[in-house]
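The block underneath contains the structure these notes are about, expressed in structure tokens.
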Amino acid sequence: MLENRILKNMKFLSEPKNRLLIIATSSALIFALFTFSFVSIAELKIKAKSLNQVNQITFFGVAEINAEPDLVSFNFRVYEIAPDSLEAESKAILKANKVLDLLQEKGVHKRDIQTRDYRINPKYNYQNHPFYKQILDGYEASQVITVKIRDLGKMGEILGQVSQIEALEVNGPVFEVENSEKLKDKLQVEAINDAKAKAKETAKNLGIKLGKIVRFSEEPTANIFPPRAMMMAKAVNAESFDAAPPQIETGEQKITSRVSITYEIE
């Protein structure tokens, strides 16, 4: 019986049609195995690459400096009410010009004076007896002007005299470091060097070798000093101009640069 089965199989293989079927089936199986192997190798490479990303280490660097302000700014607001818009505007302009003349006398340059807001609005009274009614009650004119002072020695004198002008509001001062970008660049370099020094020392202590830098970041820094005071002045006598100027301390502020550097571990 075994001989009959062998003869039958040989007869099956000897037929051309059956040989083609066997060859096609074998080819498909080989192709499937090759494809599976290729995909498996690709998956292994992806997993290996993903695992390599874990082999990283991050170091932080810090640099600080105590900066003194070299620029101070403040803003003043003039406000007038009159029966008609032209009168309200004229009064506000006269008052603003009074301040601008004073600033010019104190040596403040025109480039450091900027109008930030200018408005003329109707002013209404509201009555609800016997019916709700809106009644025009004149016009409001206002102007907000921002001033920068570069000579900090004159700051107290200028602020003191400006704040005493009749019906004038003065807000400030706000201290700044004018050329702060150069300072920030210097701090960044120092912070990076600090992080690199820590990386070198740590790699030596751990007995590892650092590769290329794969990530860098820096925290944002600010160079604006918070307002030290707020001054608001209403109607005063002309004699007030003889009063002693306010003592406003500029102080100093610590400006910090913090960076992080991530290395590959080889």
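Other residues with beta-carbon under 15 Å from the beta-carbon of Asp84 carry, at +1 per Lys or Arg and -1 per Asp or Glu, a net charge of -3.
In the structure shown, do any of Lys95/Lys254; Lys186/Lys212; Lys198/Lys254; Lys196/Lys254 have a Cα-Cα gap over 28 Å, and if so which?
Working: Lys95/Lys254 39 Å; Lys186/Lys212 24 Å; Lys198/Lys254 23 Å; Lys196/Lys254 23 Å.
Long pairs (Cα-Cα over 28 Å): Lys95/Lys254.
Suppose we take every Cα in the range 146-192 and form the convex hull; what volume per residue is that in Å³?
On the way: hull volume 4.0 nm³, N = 47.
Spelled out: Cα convex hull of the range 146-192, divided by residues, is 86 Å³.
Other residues whose C-beta falls under 13 angstrom from the C-beta of Glu140 contribute a net charge of -2, scoring Lys and Arg +1 and Asp and Glu -1.
Just so you know, all these numbers are worked out from the coordinates, no wet-lab data involved. Given the structure is predicted, the values throughout are model-derived calculations rather than measurements. Ideal geometry is used to build each Cβ from the backbone, glycine not excepted, and the neighbour counts take in all protein chains shown.
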